[in-house]
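Encoded as structure tokens, the structure appears first; notes follow it.
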């Protein structure tokens with residue numbers, strides 16, 4: 001075997017081990033994106049570290065995805081799809097030192113079609129839909145239930161307001 005071939009093999013083994021190590025030390029983020037009315041296509045997940053785009057993930061036709069997040073960061077996960085409003089959540093990936101197994105986090109996210117919110121101000125959607133953090137007592141990542149419940153209530157009010165706004169001209 002030539003020296004060049006030997007070095008190539010060593011390089012690829014090193015690259016593979018480095019990739020596996022970075023996955024082992026990362027948080028697996030799994031999710032499913034949907035809309036209750038229409039099928040969502042061409043979903044893109046953008047992950048921001050502060051204001052800097054860290055990673056972009058194109059979601060397959062099943063609208064399920066898996067990616068890996070760095071630990072000890074405050075990230076914004078933003079979901080985008082053509083014809084739909086963006087939706088986001090905050091993910092605090094801080095974990096205790098010496099954790100043997102890093103738990104994964106799974107979420108389902110319902111996004112609104114732009115036509116569903118016609119006639120109302122959708123600026124509420126600029127705020128995160130949820131806040132995720134590591135709960136040392138439960139030894140897993142969880143979302144802040146009271147915050148999510150409040151945001152969900154506001155989203156439904158916005159949706160109802162849009163339905164009323166869209167019906168109003170027909171009733172005149």
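The values are calculated or read from the model by the stated rules, or taken from the named source; none is laboratory data. Just so it is clear, the model here is predicted, and its values are computed rather than measured. Here the Cβ positions follow ideal geometry from the backbone for every residue, glycine too, while neighbour counts run over all protein chains shown.
Check segment 24-40 and report whether any residue there is at pLDDT 90 or above, at positive phi and either touching a strand residue (DSSP E or B) at 6+ places or on another chain (Cβ under 7 Å) or surrounded by 10 or more Cβ atoms within 10 Å (Cβ to Cβ) (or both). No.
Scanning segment 50-78 for residues that are over 19 Å from residue 142 (Cα atoms) and in contact with a strand residue (DSSP E or B) (Cβ under 7 Å, 6 or more places away or on another chain) turns up 53, 54, 55, 56, 57, 58, 59, 63, 64.
The set of residues in segment 128-155 that are surrounded by fewer than 14 Cβ atoms within 10 Å (Cβ to Cβ) and in a loop (DSSP other than H, G, I, E, B) comprises 136, 137, 138, 139. Per this entry, residue 97 is counted among residues that are within 20 Å of residue 137 (Cβ to Cβ) and either under 13 Å from the mean Cα position of the chain (by Cα) or surrounded by fewer than 18 Cβ atoms within 10 Å (Cβ to Cβ) (or both). Which numbered condition trips up residue 103, out of (1) over 23 Å from residue 149 (Cβ atoms); (2) more than 15 Å from the chain's Cα centre (by Cα)? Here residue 103 meets the rest and fails (1). A Cβ distance below 6 Å, combined with a sequence gap of six or more or placement on separate chains, defines the contacts here; from segment 82-109, residues that are more than 26 Å from residue 155 (Cβ to Cβ) reach residues that are modelled with pLDDT of 95 or more and surrounded by 19 or more Cβ atoms within 10 Å (Cβ to Cβ) in the pairs 95/134; 102/27; 103/141.
Is it fair to say residue 121 is surrounded by fewer than 18 Cβ atoms within 10 Å (Cβ to Cβ) and either within 21 Å of the chain's Cα centre (by Cα) or at pLDDT below 90 (or both)? Show your work before the answer.
On the way: surrounded by fewer than 18 Cβ atoms within 10 Å (Cβ to Cβ): yes; either within 21 Å of the chain's Cα centre (by Cα) or at pLDDT below 90 (or both): no.
Against the criterion (surrounded by fewer than 18 Cβ atoms within 10 Å (Cβ to Cβ) and either within 21 Å of the chain's Cα centre (by Cα) or at pLDDT below 90 (or both)), residue 121 does not qualify.
Give the residue, chosen from 140, 160, that is over 22 Å from residue 78 (Cβ atoms) and free of Cβ contacts under 8 Å to residues at least 24 places away in the same chain. Quick ask: steps written out before the conclusion?
Details: 140 fails: free of Cβ contacts under 8 Å to residues at least 24 places away in the same chain.
On inspection, the qualifying residue turns out to be 160.
Does residue 119 meet the test of being within 26 Å of residue 39 (Cβ to Cβ), out of contact with any strand residue (DSSP E or B) (no Cβ under 6 Å at 6 or more places or on another chain), outside any strand (DSSP E or B) and in contact (Cβ under 8 Å) with a residue 24 or more places away in the chain? Show your work before the answer.
On the way: within 26 Å of residue 39 (Cβ to Cβ): yes; out of contact with any strand residue (DSSP E or B) (no Cβ under 6 Å at 6 or more places or on another chain): yes; outside any strand (DSSP E or B): yes; in contact (Cβ under 8 Å) with a residue 24 or more places away in the chain: yes.
In short, yes.
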